[in-house]
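Student: Below is one structure. I have some questions about it.
Each value in this text was obtained by applying a stated rule to the coordinates, not by laboratory testing. Computed from a predicted model, the values in this text were never measured in an experiment. Heads up, the Cβs are rebuilt from the backbone with ideal geometry, glycines too, and the neighbour counts pull from every protein chain shown.
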Amino acid sequence: MIEIRAFGSSSAGNCYYITDGRTPLLLEAGIKFKEVQRQLNFQTSNIAACLITHEHGDHCKALKDVLKAGIDCYMSDGTAGAIDVQHHRIKTVKAKQQFRIGTWTVLPFDVQHDVAEPYGFLMANQAGEKLLFATDTYYIKYRFQGLTHIMVECNYSMGILNENIANGRTPKLMKKRLIRSHMSLENFKEFLKANELKMVQEIWMLHLSDSNSDAELFKTEVQELTGKMVFIP
């Protein structure tokens, strides 16, 4: 059974811990590794790997400390080049070429963000569970079968963003970047509608904007749409 814990899920820093009870993983390294250690009662020696989606600091700023702790870090060639850290524990992987980490089979896939070569990850364990992780992407072009856990960014609502621009709380320039680099509530809901959800146990809405989102509204709308358990860290 998959357990998910969120240690950070915002522009200040992103990091998640997942385990199937046998192989623990970190998703992202965007908060201080000391905080990860504290959250796990300093029991970090069994973490099998860390998956990094892209090179922005709120997703990888603790990379050196994670590597120093003896944890292999997986990412795209483009992300590794942009981060420009040389270490034998950095493992580059290709989109749509699956690999194994302990009891997990991981399939990286391309996503849409304003960076070198961003990835999302589809992870399947030996119990038949499937977890989808995608953050910092305005759109996911793929469809997935048999998902049991969904962890996807839902950064802002177009309605709240337009209201904030009209009121002068958000600069107009930000809208152009947001709609080409982060996922809106509207796109999040369309993604859910386009995928098979009958096996889904949990939906995690990640990386909400501080000013252009409404956690209670987002949670209510997705629960009403799907009838599933929804978590917003």
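Student: Let's test the formula: R0 of 30 Å, r as the Cβ-Cβ distance of E190 and A116. What FRET efficiency results, to the nearest 0.05?
Tutor: After rounding to 0.05, the efficiency reads 0.70.
Student: Compute the long axis of helix 215-226 from its Cα atoms, compare it with the longest principal axis of the Cα atoms of the chain, and write down the angle in degrees, 0 to 90, nearest 10.
Tutor: Around 80 degrees separate the two axes.
Student: In addition: Would you mind ranking Y156, Y17 so that the residue whose beta carbon has the fewest other beta carbons within 10 Å leads the list? Don't skip to the end; give the middle numbers.
Tutor: On the way: Y156 28, Y17 19.
Arranged by neighbour count, lowest to highest, Y156, Y17 become Y17, Y156.
Student: Out of the DSSP beta bridges found with both residues in the chain, what percent are antiparallel (nearest 5)?
Tutor: So the antiparallel bridges in the chain amount to around 55 percent.
Student: Using only DSSP helix segments of four residues or longer, with each worth -39500 (n - 2.57), what per-residue ellipticity at 222 nm results for the chain after dividing by its residue count and rounding to 500?
Tutor: One gets -7000 deg cm²/dmol as the mean residue ellipticity at 222 nm.
Student: Right, something else. Separation of region 139-187 and region 71-129 by C-alpha centroid, Å?
Tutor: When both Cα centres are located, 23 Å separates them.
Student: Tell me the angle of helix 185-194 to the major Cα principal axis of the chain, expressed in degrees between 0 and 90 and rounded to the nearest ten.
Tutor: 70
Student: Rounded to the nearest 5, what % of DSSP beta bridges with both residues in region 1-103 are antiparallel?
Tutor: Bridges in region 1-103 that DSSP calls antiparallel: roughly 55 percent.
Student: With a 10 Å cut-off between alpha carbons and a GNM built on the chain, which of F191, F42, F121 moves the most?
Tutor: In this elastic network of the chain, the residue with the biggest mean-square fluctuation among F191, F42, F121 is F42.
Student: Please arrange W104, W204 by how many other C-beta atoms lie within 10 Å of their C-beta, fewest to most. Before the final figure, lay out each step's value.
Tutor: Working: W104 25, W204 22.
Taking fewest neighbouring Cβ atoms as first place, the list is W204, W104.
Student: Can I ask one more? State the volume of the convex hull built on the alpha-carbon positions of region 3-231, expressed per residue in Å³ and rounded to an integer.
Tutor: 117
Student: I would also like to ask the following. Listing H149, H182, H88, H59 from the residue with the fewest other Cβ atoms within 10 Å to the one with the most, what is the order?
Tutor: The most exposed by this proxy come first: H88, H149, H182, H59.
Student: Students often get this wrong, so check it: of K130/K198; K176/K219; K189/K219, which have C-alpha atoms separated by over 22 Å?
Tutor: Values: K130/K198 12 Å; K176/K219 25 Å; K189/K219 11 Å.
Flagged as over cut-off: K176/K219.
Student: Could you give the nm distance between label points at A215 and M229, where each point is 7 Å from its Cα heading toward the beta carbon?
Tutor: About 1.8 nm separates the two model spin labels.
Student: Can I ask one more? Determine the alpha carbon to alpha carbon distance for each of K64/K96; K32/K68; K91/K141 and list only those over 20 Å.
Tutor: Values: K64/K96 27 Å; K32/K68 13 Å; K91/K141 25 Å.
Beyond 20 Å between Cα atoms: K64/K96; K91/K141.
Student: Around M151, what is the net charge, scoring Lys/Arg as +1 and Asp/Glu as -1 over all other residues with Cβ under 15 Å from its Cβ?
Tutor: Every neighbour counted, the sum reads -3.
Student: Pick from D84, D20, D110 the residue whose mean-square fluctuation is largest in a GNM of the chain, springs joining Cα atoms under 10 Å.
Tutor: Greatest mean-square fluctuation among the candidates belongs to D84.
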